[in-house]
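J.: For reference, the structure I am asking about is given below.
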Amino acid sequence: MLPPRPAPRPTDLRGLPSASRLERRVALAVTAVATAWFTLVAAWEMFGPILAGHYASSAGVGIIADNMLRWKILGPVWEYTASRPAPAMYYCHHPWGIFWTTAAFMEVLGRHDMVCRLPAVLLSAATPPLLHAIGRSVYRPAAGAAAAAAFVVLPITLSFASFNALEVPVIAWTLLGLLGYVRMTQTSRRRYLAVSALGLTLGMNADWPAFVLTGGLLAFGALRAYALPRRVFGPIHERRYAAWWVLTASLAALTAALYVALFHASGKLGDLLSSYGFRSSGNAAPLGEVLASRRTWIELSFTPVAIAAGKLAAVVSVARLALLRREHDALPLLFLAMATVQYVVFRQGADIHIFWPHYFGAYFALAAAVLVDSGAALLERAAARRDPAGAPRPAGPALAALGVWLVPLAVILRDGIPALRYARETGGRFNERGHLIHSDGAKTAFLRWLAPRLREDAPVELHEGMKATWAQVWALGGRVVTPNRPAPRVEPRGAYVVDTRFLSDREQASLARRFDITAVGPFWAMGAGLGASAGAGRGIEASSFREREPGLLTWYLVSGTEPEREIVPDPFLTWELRTHFEQPAEPPAGPPETLDQKRIAHNIALSAGDGASAAALRAEIDAALTPLGARFDDGTEILGTTYHEGARSLLTLFVRAGGPAASDVTLAVRSRVVERAPLSTTMADPLYREVGLPTAISPQRWRAGFLYADPVPIRKRPGTEVFWASLRSRAPGRAPKLLDRGGASEVEVLRLR
């Protein structure tokens with residue numbers, strides 16, 4: 001026997017739950033602030049270069065759009081080609097909607113970094129108002145405001161607000177579809193039927209999880225309209241509801257059939273099935289163990305406060321659906337089901353991509369609406385207030401519930417803002433499970449500087465040490481790029497590019513001996529495409545990055561996590577490279593300007609036997625350092641460090657070499673968070689993380705008495721993080737030990753709170 005159905009709530013002429021003017025105004029104000037904040041977050045760095053990490057996939061979408069327009073094709077192709085790509089090259093792991101959308105933007109606005117982000121920015125800006133509209137329609141204005149505010153404080157939604165991949169469009173379009181569904185059931189108007197079908201279809205064209213949500217909604221709709229007695233959920237406009245159900249089911253079937261046909265015609269249907277078999281691998285492990293292994297990522301993405309509130313809201317939603325029998329209480333549960341399928345079934349994907357549970361962000365927002373409405377109802381009942389029939393509900397209980405809800409949201413935002421910066425600094429990878437993270441800021445600046453200096457038809461080959469990404473390919477302006485190429489035996493027809501930090505000393509020497517080199521910092525380029533012929537005897541010509549902090553406008557629009565970079569000729573670096581690779585080298589005519597040039601000038605003086613000049617320069621360098629004096633038993637000494645805090649903070653270690661290091665010895669820096677951040681609810685990251693990059697000149701080529709610098713970009717994790725430096729060897733027990741430090745192998749070089 002079902003409990004008696006509660007009396008329907010008073011509604012206005014639009015079918016919306018009635019509310020006081022004060023509640024509506026406060027709710028609109030909260031939603032406006034949430035929308036403005038989230039739009040500003042999404043648009044941050046919108047005009048800047050796309051760098052490495054998960055964010056590089058936005059450049060991949062740009063490459064696909066570029067190819068669609070260049071070759072007049074419908075299918076996505078990840079790489080640039082010299083001729084029209086065949087269908088066998090089409091990417092068929094996901095629906096193609098996001099690629100078509102980006103191509104349309106690029107057709108109108110042109111090929112720009114901004115175009116790779118703009119669709120996501122616009123959809124993110126629309127998401128809080130959509131959440132408000134759903135919460136207002138289903139519950140009350142205060143609940144809608146709570147939903148909008150909840151979405152814009154989560155670390156994961158902030159971190160991926162401009163991510164033009166799959167989750168952002170699926171969330172926005174399916175919320176539009178749910179809003180249309182809600183308003184259709186409330187008003188029976190055709191336009192809302194069309195809005196619902198359109199939103200859900202666009203979501204299904206964005207990615208497969210939208211099919212899960214749409215299928216769940218259709219299944220619930222069939223039960224609600226045709227299986228359960230009318231007294232359970234109340235009467236409906238049968239004809240309109242049937243039209244919505246048939247139209248939505250037909251569009252879902254047609255969309256699925258479209259991609260089956262397209263993928264089959266491309267010969268990629270089997271590839272799709274195998275990819276999702278791979279994505280779902282690891283399902284044999286108990287779910288508890290899997291979630292425990294991801295605990296750091298989960299807490300960092302949502303915070304324990306949001307996780308607890310989301311669990312509570314799931315219970316409340318089930319109870320409301322069962323006891324109050326209001327059909328729209330099923331919507332948060334349907335979104336929860338979609339997010340759970342994505343995160344739990346496809347475990348391999350979730351183990352690699354920290355953004356995999358992004359859909360839980362939309363569930364949490366809908367859950368917030370449930371909790372605030374439930375809280376307001378409890379307060380109204382406690383007040384035992386009896387209003388005239390049809391009168392708007394009082395604002396006090398609703399605003400009190402909303403005000404209480406804003407407190408935990410503030411606690412979540414305390415962790416959300418640092419996570420946002422951490423995400424931008426790491427390309428959305430966060431701790432990358434302890435692995436070394438490359439931002440590619442300097443590398444991208446080098447590739448953009450290089451591209452116009454190449455012949456228009458010159459292809460580019462990248463050594464595997466470049467750690468090629470779609471962002472690098474995009475930065476080269478549409479050229480044919482071949483990654484992971486071994487060192488050439490003859491001069492490349494186009495250009496061959498290496499990052500010497502990830503190139504063995506033997507390979508560096510071989511390239512320097514056989515080719516003319518254009519060096520910018522640690523990056524080398526060579527080949528006929530640069531306009532220099534082999535055997536011209538030019539040797540190595542080096543330039544350096546001149547960095548400065550961005551101004552406020554540049555910080556917001558271009559990059560708040562990388563310095564502005566200018567590439568300028570550097571005779572000091574030219575001397576250093578030529579000297580170390582046995583090429584004729586002339587000392588620079590002018591005086592050193594930077595600390596790094598003073599370091600090289602010291603080495604020049606030492607090489608020339610000018611002890612007095614070397615000592616004077618050494619004194620200037622020592623005065624600029626935080627002294628360390630860490631001496632190793634192989635003669636190497638870390639003299640001290642400099643630390644620059646800025647858009648991209650930089651720790652630089654200054655080392656005095658005792659001579660060439662053993663064949664496998666490298667200078668390494670790693671870090672660990674030793675204490676949780678104040679007022680944070682998120683656990684301290686327990687992983688040791690590699691942060692030091694290899695030196696551009698291998699330690700095996702160092703010269704006794706010379707000074708070397710090792711710049712280490714610092715991408716601080718939340719909390720107190722400590723950094724240690726050491727000389728590391730791949731062979732156990734062969735790493736140099738520190739003297740006068742009890743046989744320790746590493747020394748603390750930085751501590752940040």
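J.: Looking for whichever is over 30 Å from residue 719 (Cβ atoms), buried (at least 21 other Cβ atoms within 10 Å of the Cβ), touching a residue at least 40 places away in the same chain (Cβ under 8 Å) and hydrophobic (A, V, I, L, M, F, W, C) here; the options are 336, 331. Which one fits?
T.: On the way: 336 fails: touching a residue at least 40 places away in the same chain (Cβ under 8 Å).
None of the other options fit; the residue is 331.
J.: Separate question: Specify which of the listed residues (306, 242, 253) is over 22 Å from residue 211 (Cα atoms) and either aliphatic (A, V, I, L, M) or exposed (fewer than 11 other Cβ atoms within 10 Å of the Cβ) (or both).
T.: On the way: 242 fails: over 22 Å from residue 211 (Cα atoms); 253 fails: over 22 Å from residue 211 (Cα atoms).
On inspection, the qualifying residue turns out to be 306.
J.: I've got another one for you. Checking the conditions here, which among 368, 350 is assigned to a helix (DSSP H, G or I) and surrounded by fewer than 24 Cβ atoms within 10 Å (Cβ to Cβ)? Quick ask: steps written out before the conclusion?
T.: Working: 368 fails: surrounded by fewer than 24 Cβ atoms within 10 Å (Cβ to Cβ).
350 is the lone residue from the list that is assigned to a helix (DSSP H, G or I) and surrounded by fewer than 24 Cβ atoms within 10 Å (Cβ to Cβ).
J.: Let me ask another. Give, as residue ranges, the strands (runs of 3 or more DSSP E) completely inside the stretch 562-671 that count at least 1 residues that are open to solvent by less than 20 Å² (accessible area, probe 1.4 Å) and touching a residue at least 40 places away in the same chain (Cβ under 8 Å).
T.: Working: elements: 564-569, 626-631, 637-644, 649-656.
Because the criterion is at least 1 residues that are open to solvent by less than 20 Å² (accessible area, probe 1.4 Å) and touching a residue at least 40 places away in the same chain (Cβ under 8 Å), the strands (runs of 3 or more DSSP E) in the stretch 562-671 that meet it are 626-631, 637-644, 649-656.
J.: For the structure I just gave you, tell me whether residue 717 is in contact with a helix residue (DSSP H, G or I) (Cβ under 7 Å, 6 or more places away or on another chain), within 29 Å of residue 521 (Cα to Cα) and among the basic types (Lys, Arg).
T.: Values: in contact with a helix residue (DSSP H, G or I) (Cβ under 7 Å, 6 or more places away or on another chain): yes; within 29 Å of residue 521 (Cα to Cα): yes; among the basic types (Lys, Arg): yes.
Here the answer is yes, as residue 717 does meet what is asked.
J.: Say we look at the stretch 446-456 and pick out the residues that are free of Cβ contacts under 8 Å to residues at least 40 places away in the same chain and under 22 Å from residue 543 (Cβ atoms); which of these is surrounded by the most Cβ atoms within 10 Å (Cβ to Cβ)? Please lay out each step first, then the result.
T.: We begin by selecting, within the stretch 446-456, every residue free of Cβ contacts under 8 Å to residues at least 40 places away in the same chain; these are 451-452, 456.
With the extra rule that they be under 22 Å from residue 543 (Cβ atoms), the set shrinks to 451-452.
Details: 451: 16, 452: 8.
Taking the candidates together, the pick is 451.
J.: Of all residues in the stretch 28-67, which are open to solvent by 10 Å² or more (accessible area, probe 1.4 Å) and not in a helix (DSSP H, G or I)?
T.: Listed by number, the residues that qualify are 44, 45, 46, 47, 49, 51, 53, 54, 55.
J.: Is there a residue being free of Cβ contacts under 8 Å to residues at least 24 places away in the same chain, surrounded by 17 or more Cβ atoms within 10 Å (Cβ to Cβ) and not in a helix (DSSP H, G or I) anywhere in the stretch 457-469?
T.: Checked against the condition, which is being free of Cβ contacts under 8 Å to residues at least 24 places away in the same chain, surrounded by 17 or more Cβ atoms within 10 Å (Cβ to Cβ) and not in a helix (DSSP H, G or I), the stretch 457-469 yields at least one hit.
J.: Something else about it: Going by what's in this entry, would residue 671 be described as closer than 26 Å to residue 509 by Cβ and out of contact with any Pro (no Cβ under 8 Å at 6 or more places or on another chain)? Walk me through it before giving the result.
T.: Values: closer than 26 Å to residue 509 by Cβ: no; out of contact with any Pro (no Cβ under 8 Å at 6 or more places or on another chain): yes.
So residue 671 does not fit the description; no.
J.: Any idea which of (1) under 29 Å from the mean Cα position of the chain (by Cα); (2) of a type in the set (S, T, N, Q); (3) farther than 30 Å from residue 295 by Cβ; (4) not in a helix (DSSP H, G or I) is the one residue 439 doesn't satisfy?
T.: (3) is the only condition that residue 439 fails.
J.: Going by what's in this entry, would residue 524 be described as in a strand (DSSP E or B), within 34 Å of the chain's Cα centre (by Cα) and touching a residue at least 24 places away in the same chain (Cβ under 8 Å)? Talk me through it step by step, then tell me what you get.
T.: Details: in a strand (DSSP E or B): yes; within 34 Å of the chain's Cα centre (by Cα): yes; touching a residue at least 24 places away in the same chain (Cβ under 8 Å): yes.
Yes: the conditions hold for residue 524.
J.: Going through 484, 431 one at a time, which residue ends up being within 28 Å of residue 165 (Cβ to Cβ), open to solvent by less than 20 Å² (accessible area, probe 1.4 Å), in contact (Cβ under 8 Å) with a residue 12 or more places away in the chain and polar (S, T, N, Q)? Write out each step before concluding.
T.: Values: 484 fails: open to solvent by less than 20 Å² (accessible area, probe 1.4 Å).
Matching residue, one of 484, 431: 431.
J.: If you check 735, 704, which single one turns out to be of a type in the set (A, V, I, L, M, F, W, C) and open to solvent by less than 50 Å² (accessible area, probe 1.4 Å)?
T.: Working: 704 fails: open to solvent by less than 50 Å² (accessible area, probe 1.4 Å).
Just one listed residue meets the conditions, 735.
Conditions (1) among the aliphatic types (A, V, I, L, M); (2) in a helix (DSSP H, G or I), marked per residue:
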{"site": "175", "(1), (2)": "yes, yes"}
{"site": "178", "(1), (2)": "yes, yes"}
{"site": "183", "(1), (2)": "no, yes"}
{"site": "201", "(1), (2)": "no, yes"}
{"site": "217", "(1), (2)": "yes, yes"}
{"site": "235", "(1), (2)": "no, no"}
{"site": "242", "(1), (2)": "yes, yes"}
{"site": "245", "(1), (2)": "no, yes"}
{"site": "251", "(1), (2)": "yes, yes"}
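J.: Looking only at the stretch 154-187, count every residue that is more than 18 Å from residue 210 (Cβ to Cβ) and open to solvent by 10 Å² or more (accessible area, probe 1.4 Å) and tell me the total.
T.: Looking only at the stretch 154-187, we keep the residues that are more than 18 Å from residue 210 (Cβ to Cβ), and these are 154-156, 158-159, 161-162, 183-187.
Those still in the list that are open to solvent by 10 Å² or more (accessible area, probe 1.4 Å) too: 162, 183, 185-187.
Total meeting the criteria: 5.
J.: Let me ask you something else. Is it true that some residue in the stretch 490-498 is touching a strand residue (DSSP E or B) at 6+ places or on another chain (Cβ under 8 Å), open to solvent by 10 Å² or more (accessible area, probe 1.4 Å) and touching a residue at least 60 places away in the same chain (Cβ under 8 Å)?
T.: no
J.: I would also like to ask the following. When you scan the stretch 371-393, how many residues do you find that are modelled with pLDDT of 80 or more and either under 17 Å from residue 19 (Cβ atoms) or open to solvent by 40 Å² or more (accessible area, probe 1.4 Å) (or both)? If you could, list the steps in order and put the result at the bottom.
T.: Here is the first cut: in the stretch 371-393, the residues modelled with pLDDT of 80 or more are 371-382.
Next, from what is left, pick out any that are either under 17 Å from residue 19 (Cβ atoms) or open to solvent by 40 Å² or more (accessible area, probe 1.4 Å) (or both): 372-382.
The number of residues fulfilling the criteria is 11.
J.: Next up: Being over 21 Å from residue 360 (Cβ atoms) and open to solvent by less than 10 Å² (accessible area, probe 1.4 Å) is the filter here; which residues of the stretch 189-224 pass it?
T.: Across the stretch 189-224, the qualifying residues are 196, 197, 221, 224.
J.: Additional query: Across the stretch 534-589, which residue is farthest from residue 512 (Cα to Cα) among those that are under 23 Å from the mean Cα position of the chain (by Cα) and among the polar types (S, T, N, Q)? Please lay out each step first, then the result.
T.: Let us first name the residues in the stretch 534-589 that are under 23 Å from the mean Cα position of the chain (by Cα), namely 549-550, 552-565.
Next cut, among the polar types (S, T, N, Q) only: 554, 559, 561.
Numbers: 554: 38, 559: 34, 561: 33 Å.
Selected residue: 554.
J.: Return the total of residues in the stretch 173-192 being more than 21 Å from residue 128 (Cβ to Cβ) and touching a Leu at 6+ places or on another chain (Cβ under 6 Å).
T.: The number of residues fulfilling the criteria is 1.
J.: Kindly evaluate residue 550 against the criterion of being farther than 30 Å from residue 82 by Cα and assigned to a loop (DSSP other than H, G, I, E, B).
T.: Values: farther than 30 Å from residue 82 by Cα: yes; assigned to a loop (DSSP other than H, G, I, E, B): yes.
So residue 550 passes the test.
J.: Could you list, in sequence order, all residues of the stretch 728-753 that are among the aliphatic types (A, V, I, L, M) and assigned to a loop (DSSP other than H, G, I, E, B)? Spell out the reasoning first.
T.: Filtering the stretch 728-753 for residues among the aliphatic types (A, V, I, L, M) gives 731, 735, 738-739, 744, 747, 749-750, 752.
Within the stretch 728-753, 731, 735, 739, 744 meet the criteria.
J.: Can you report the number of residues in the stretch 294-329 which are assigned to a helix (DSSP H, G or I), basic (Lys, Arg) and farther than 21 Å from residue 412 by Cα? Please lay out each step first, then the result.
T.: Just the residues of the stretch 294-329 that are assigned to a helix (DSSP H, G or I), to begin with: 295-323, 327-329.
Narrowing further to those that are basic (Lys, Arg): 295, 311, 320.
Adding the requirement that they be farther than 21 Å from residue 412 by Cα leaves 320.
Number of matching residues: 1.
J.: Tally the residues that are among the β-branched types (Val, Ile, Thr) and surrounded by 21 or more Cβ atoms within 10 Å (Cβ to Cβ), restricting the search to the stretch 672-694.
T.: In the first step, residues of the stretch 672-694 are kept if they are among the β-branched types (Val, Ile, Thr); the result is 673-674, 681-682, 691.
Add one more test, that the residue is surrounded by 21 or more Cβ atoms within 10 Å (Cβ to Cβ), and what stays is 673, 682, 691.
Qualifying residue count, the stretch 672-694: 3.
J.: Looking at (1) in a loop (DSSP other than H, G, I, E, B); (2) in contact with a Leu (Cβ under 7 Å, 6 or more places away or on another chain), find the lone condition where residue 195 falls short.
T.: Result: residue 195 fails condition (1) only.
Conditions (1) out of contact with any helix residue (DSSP H, G or I) (no Cβ under 9 Å at 6 or more places or on another chain); (2) at pLDDT 95 or above; (3) over 19 Å from residue 712 (Cα atoms); (4) open to solvent by 20 Å² or more (accessible area, probe 1.4 Å), marked per residue:
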residue	(1), (2), (3), (4)
519	no, yes, yes, no
538	yes, no, yes, yes
543	no, yes, yes, no
560	no, yes, no, no
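The values are calculated or read from the model by the stated rules, or taken from the named source; none is laboratory data. A quick note: this is a predicted structure, and the numbers were derived from the prediction, not measured. When we count neighbours, we look across all protein chains shown, and the Cβ atoms used for this are built from the backbone with ideal geometry, even at glycine. Surface areas here come from the heavy atoms of the whole protein model, side chains and all, with no ligands, DNA or RNA. Shrake-Rupley method; radii C 1.70, N 1.55, O 1.52, S 1.80 Å.
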